[in-house]
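The values are calculated or read from the model by the stated rules, or taken from the named source; none is laboratory data. Just so you know, these numbers come straight off a predicted model, no measurement behind them. No Cβ is skipped: glycine too gets one built from the backbone with ideal geometry, and neighbour counts run over all protein chains shown.
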Amino acid sequence: MRVENSSVIIWHDGEPMLWRAGAVSAEVITADTVYPESAIVGLPSDAVRTTSIDVTPQERKHLAKSLPFMMEEQVAEDVDDLHFVSAPLTEEHFLVAFTRRDNLSAWIEQLSQAESLKFFAPEALCLPRARGECCAVAEGDSVVLRWSDSEGARVDLSLLSVVLDSLTEQPEKIVMYGADRAAVVAHLSDEQQALVDWRQGGWGALLLLADTRPGLNLRQGAFAPALPLMKWWGLWRTVAVAACVAITLQLVADLGQFQKLKSHNLELRSAIQQTYRRANPRGAVVDVEKQLDRQIAEFTGEEGLSAFTPRLVDVVTATISNSGRVTSINYSAGQLRLNLTAENFSAVEEIRQTLEGKGLKATLETSSARGDEVRARLRVEVS
């Protein structure tokens, strides 16, 4: 993947430092540091191992899950304590990198605003390298070097010559970056010194030539950066919880109102049935509305009196809602004569006005006080 002027985060003496392309020195990372979009986290090569393996087409389908078991015989540690990633070099040859999970967690914790950093790779694989070359950068008493597409290391400067001699394929050129040429080449043999292409500068200088990202990324699986949705949830979690509480309270209130209306409806139906029973003391009460319509039709010889029952409900409801009680109802020629009891004369008048408010013409025919209650008769036009 081609990028322009990458920046890289490298650990110096246990602390992460930001190198920008072309910079002469590294920046200390603080809470205010703004990382370049192309920034790569170069993990310490002495704590991240790389190797390559051959993979069959069948193994490739499930490589992410099977990789720890495939590597079990090649590592001395418990594979459950290690984080593995892979990337194809060819169809059947894969680059593998692994490190301890606790190390990777610790490195992420050291980085401010780590969620914005999406690419982690061994620092050695961040070095630019052409075919046949070995690229290295000297930093004090250590050297980070890369000698193939998949291999590199961080070693003590005193061991640089030994490491170069041990390479299976000897490089044709050693591209060396550093600040003190004499101090570095003094650790090399005459043959190795002849291969050195010295370039003054450190990571800032070599990043000017680094036009590709490393082939694999350890920021995967359990260590992948949080999705934007997770970040959104972190910001809005309190609001969401409050909304859920409000909805729950509203549902409880609605349930309470429903129970209240249900109780009122049962009370109303009971009053209607009692009134019907007074007018029709015999026979079973099954469906008051249908029974009333049928009997009225029989008495009057009229059909289509289905509007009568809702009017009767209005009359009974108006009486009950004003603390009244229906004692009897008589129907004749489109008129209801309602006998009722109420607490006082004002309650009788409120019942009459309630009926008027429902579009019924209600006339008070008689009323009289009897002890602690008032008895009254209302004539109600229902047709």
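Quick rundown of the values:
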read-out	value
Subset of the range 1-18 [in a strand (DSSP E or B) and either surrounded by fewer than 16 Cβ atoms within 10 Å (Cβ to Cβ) or not hydrophobic (A, V, I, L, M, F, W, C) (or both)]	Arg2, His12, Glu15, Pro16
Search result, residues across the range 208-234 that are modelled with pLDDT under 80 and exposed (fewer than 10 other Cβ atoms within 10 Å of the Cβ)	Pro228, Leu229
Looking only at the range 46-57, and only at residues there that are of a type outside the set (Gly, Ala, Ser) and either touching a Phe, Trp or Tyr at 6+ places or on another chain (Cβ under 7 Å) or at pLDDT below 85 (or both), the one that is nearest to Val144 (Cα to Cα)	Arg49
Ala21 being surrounded by 15 or more Cβ atoms within 10 Å (Cβ to Cβ) and either outside any helix (DSSP H, G or I) or touching a strand residue (DSSP E or B) at 6+ places or on another chain (Cβ under 9 Å) (or both)	yes
Residue match in the range 94-104 (condition: at pLDDT below 90 and surrounded by 12 or more Cβ atoms within 10 Å (Cβ to Cβ))	no
Hits in the range 92-148 (condition: out of contact with any His (no Cβ under 9 Å at 6 or more places or on another chain) and aromatic (Phe, Trp, Tyr))	Phe94, Trp107, Phe119, Phe120, Trp147
